[in-house]
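The values are calculated or read from the model by the stated rules, or taken from the named source; none is laboratory data. All values derive from a computational prediction rather than experimental measurement. Neighbour counts run over all protein chains shown; Cβ positions are idealised from the backbone, glycine included. To get the accessible areas, we keep the full protein, side chains included, count just its heavy atoms, and leave off ligands, DNA and RNA. Shrake-Rupley method; radii C 1.70, N 1.55, O 1.52, S 1.80 Å.
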Amino acid sequence: MTASPAVSSLPDLPESGGLCAIHQPNLFPRLTTLAKLFAADYWIVLDDVQFTRRDYQHRARLGALDEPDRRQWLTVPTHLPRGRPTLIREALIDDPDRARRKTAAMLRQYYGASPYWPVLAQALAPVLDAFGAGRTAMVAEISTRALLGLLGWQGRILTSSDLPARPGRSQRLADLSAVTGARAYVCGTGGMTYLDPALFAAEGIAVLPFQPPMTHIWSSGRSLSSLWALAALGPQEVAARMQRLAFDHGLMVAAA
């Protein structure tokens, strides 16, 4: 991993004391990932770490609308100009026009029959437009922005490469949380396996584990793209379930 460079002028930061989530840009992220971001006040897009082909930075697992156990990978073919050390923000799309057409066709094939497809298609249009830039990370980030927008999320989005942080897996996350004034870091199940809470405690930042249940729509939430839930249940119902989940974790105040 390469440390984010220190910058002389920080971007416009969120109000201090918020809940921070940090995650790589994922292509049409899984339901559990989207729920974690939804529960936070702001998301720091982790774009200055090494691209990993076995992760979800350029791919998403789609589940058929009426048969979610029937699954297929949607992959954006990606070229790494510096080989394995290539950072996420440096990854390039192979043949963007072809990748855009294939993505659009698969999304319509899997979810075009949904009663919510017109709303989904409108929200996903900017994602397809982003292929023109030729950068995998941009498509992935905009796909996440689009889904959060469908859910009515009102949070802020920052980018790690715009912020100063030291190297080291946990140290980087602690520094990013601290420089943005977070009171707590919302950590997913995977992150809890390696995170060093002491580095956060040294900055006065709490680490809040975020562990969705394994039942109902969450049973496939760690593997399937959240597109399935949005297409099957609709954005309003998915947002309501995410609000309840965040409330159960003590991360959100119940609506009056």
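Looking at (1) polar (S, T, N, Q); (2) assigned to a helix (DSSP H, G or I); (3) within 30 Å of Pro209 (Cα to Cα), which is the only condition Gln109 fails? Result: Gln109 fails condition (3) only. Of the residues making up segment 123-168, those that are small (Gly, Ala, Ser), touching a helix residue (DSSP H, G or I) at 6+ places or on another chain (Cβ under 8 Å), within 26 Å of Ala232 (Cα to Cα) and not in a loop (DSSP other than H, G, I, E, B) are Ala123, Ala130, Ser143, Ala146, Gly149. Within segment 38-50, restricting attention to residues that are under 14 Å from Leu176 (Cα atoms) and in contact with a His (Cβ under 7 Å, 6 or more places away or on another chain), the residue that is most open to solvent (accessible area, probe 1.4 Å) is Leu46.
Before we move on, is Arg89 part of a helix (DSSP H, G or I), open to solvent by 10 Å² or more (accessible area, probe 1.4 Å) and either under 20 Å from Ser161 (Cα atoms) or of a type in the set (Val, Ile, Thr) (or both)? Yes; evaluated as a whole, the condition is true for this residue. Here segment 7-32 is the region considered, the condition is being open to solvent by less than 30 Å² (accessible area, probe 1.4 Å) and polar (S, T, N, Q), and the residue that is farthest from Ala239 (Cα to Cα) is Asn26.
Residues are listed down the side, and each one gets a yes or a no for (1) open to solvent by less than 20 Å² (accessible area, probe 1.4 Å); (2) touching a His at 6+ places or on another chain (Cβ under 8 Å); (3) in a helix (DSSP H, G or I); (4) among the hydrophobic types (A, V, I, L, M, F, W, C):
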| position | (1), (2), (3), (4) |
| --- | --- |
| Gly191 | yes, no, yes, no |
| Ala198 | no, no, yes, yes |
| Leu208 | no, yes, no, yes |
| Leu230 | yes, no, yes, yes |
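Listed by first and then second residue, the pairs linking a residue in segment 78-101 that is farther than 14 Å from Thr52 by Cα to a residue that is open to solvent by 90 Å² or more (accessible area, probe 1.4 Å), with Cβ atoms under 8 Å apart and 6 or more places separating them unless they lie on different chains, are Ile93/Arg135. Checking each residue in segment 58-86 for being open to solvent by less than 50 Å² (accessible area, probe 1.4 Å), more than 23 Å from Ala133 (Cβ to Cβ) and in a loop (DSSP other than H, G, I, E, B) picks out Ala64, Leu65, Pro68.
In summary, Ala35 fulfils each of the numbered conditions (1) open to solvent by less than 10 Å² (accessible area, probe 1.4 Å); (2) part of a loop (DSSP other than H, G, I, E, B) with the single exception of condition (2).
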